[in-house]
1. Do you know which residues across segment 96-136 are modelled with pLDDT under 90 and either touching a Leu at 6+ places or on another chain (Cβ under 9 Å) or closer than 30 Å to GLN55 by Cβ (or both)?
2. Looking only at segment 162-172, which residues are loosely packed, with under 15 Cβ neighbours inside 10 Å, at pLDDT 90 or above and either part of a strand (DSSP E or B) or not acidic (Asp, Glu) (or both)?
3. For the list (1) assigned by the TED database to the domain that holds ALA48; (2) touching a helix residue (DSSP H, G or I) at 6+ places or on another chain (Cβ under 6 Å); (3) over 21 Å from LEU20 (Cα atoms); (4) assigned to a helix (DSSP H, G or I), I need the number of the one condition that ASP91 fails.
4. Go over the candidates ILE35, ILE54 one by one and state the one that is farther than 21 Å from LEU167 by Cβ, surrounded by 14 or more Cβ atoms within 10 Å (Cβ to Cβ), free of Cβ contacts under 8 Å to residues at least 12 places away in the same chain and out of contact with any Asp or Glu (no Cβ under 9 Å at 6 or more places or on another chain).
5. Could you list all residues from segment 129-144 that are touching a helix residue (DSSP H, G or I) at 6+ places or on another chain (Cβ under 7 Å) and free of Cβ contacts under 8 Å to residues at least 60 places away in the same chain?
6. Scan (1) surrounded by fewer than 16 Cβ atoms within 10 Å (Cβ to Cβ); (2) in contact (Cβ under 8 Å) with a residue 40 or more places away in the chain for the single condition LEU93 breaks and write down its number.
7. Inspect all residues belonging to segment 137-145 and state whether any of them is at pLDDT below 90 and surrounded by 14 or more Cβ atoms within 10 Å (Cβ to Cβ).
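The values are calculated or read from the model by the stated rules, or taken from the named source; none is laboratory data. The shown structure was predicted, so the numbers you read here are calculated from the model rather than taken from an experiment. When we count neighbours, we look across all protein chains shown, and the Cβ atoms used for this are built from the backbone with ideal geometry, even at glycine.
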Amino acid sequence: MVNLFILVIVLSIAQKLISLIGKDVICDFLWDIYIQVAPLAQLTKLRAVQKKAIQTHAAMQNTSTKDEFAKWAKLDREYSKLKKSIEEINDSLGSSKTSFKRFIKSLIFISTTGVKVFLRIWYRKQPVFWLPQGAFPYYIEWVLAFPSAPTGSVAVGSWIFIVDRALDALFS
């Protein structure tokens, strides 16, 4: 059986750390790792086109516009095409990065908030731990056991709320 006491604390700490670091920072970090590990055809093509554009630009700079205008104009047209190609590939990579970030943010949401919602639903009748008998008035015991846990215990929803508030107070 899952120890709900520890699981809720770990989930809440992970969620708080993610919010402190920032989802965008995590997504950018994972994107950088992804493009290093997974060879994207777009990225390979971009690097090749950029290299060719740099070579074309260097050749264009070494060509005199007055003496060799035809050669310079040909290089200029080629350089313009390469720049346009670079922009198109960058747009394509940008849309790939957006899709990747959307996927990672969804994964983060499901693995933190989604799991908490699941715990609240699945373990709503199971106590996380029992309170000492007579330590609190009946209405406090009832609120802590809300919605379905036995009175005198702390329900998962209450425990998640308590841990989240404690972490908010600790990190703010």
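1. Result: SER96, single match.
2. To start, the set of residues in segment 162-172 that are loosely packed, with under 15 Cβ neighbours inside 10 Å comprises 165-166, 168-172.
Of the ones still in play, those that are also at pLDDT 90 or above are 165-166, 168-170.
Hits for segment 162-172 are ARG165, ALA166, ALA169, LEU170.
3. (2)
4. Numbers: ILE54 fails: surrounded by 14 or more Cβ atoms within 10 Å (Cβ to Cβ).
Sole residue among the options that is farther than 21 Å from LEU167 by Cβ, surrounded by 14 or more Cβ atoms within 10 Å (Cβ to Cβ), free of Cβ contacts under 8 Å to residues at least 12 places away in the same chain and out of contact with any Asp or Glu (no Cβ under 9 Å at 6 or more places or on another chain): ILE35.
5. So in segment 129-144, the residues touching a helix residue (DSSP H, G or I) at 6+ places or on another chain (Cβ under 7 Å) come out as 129, 131, 144.
The answer is LEU131, LEU144.
6. It is condition (1) that LEU93 fails.
7. So in segment 137-145, the residues at pLDDT below 90 come out as none.
Among the residues of segment 137-145, not one is at pLDDT below 90 and surrounded by 14 or more Cβ atoms within 10 Å (Cβ to Cβ), which makes the answer no.
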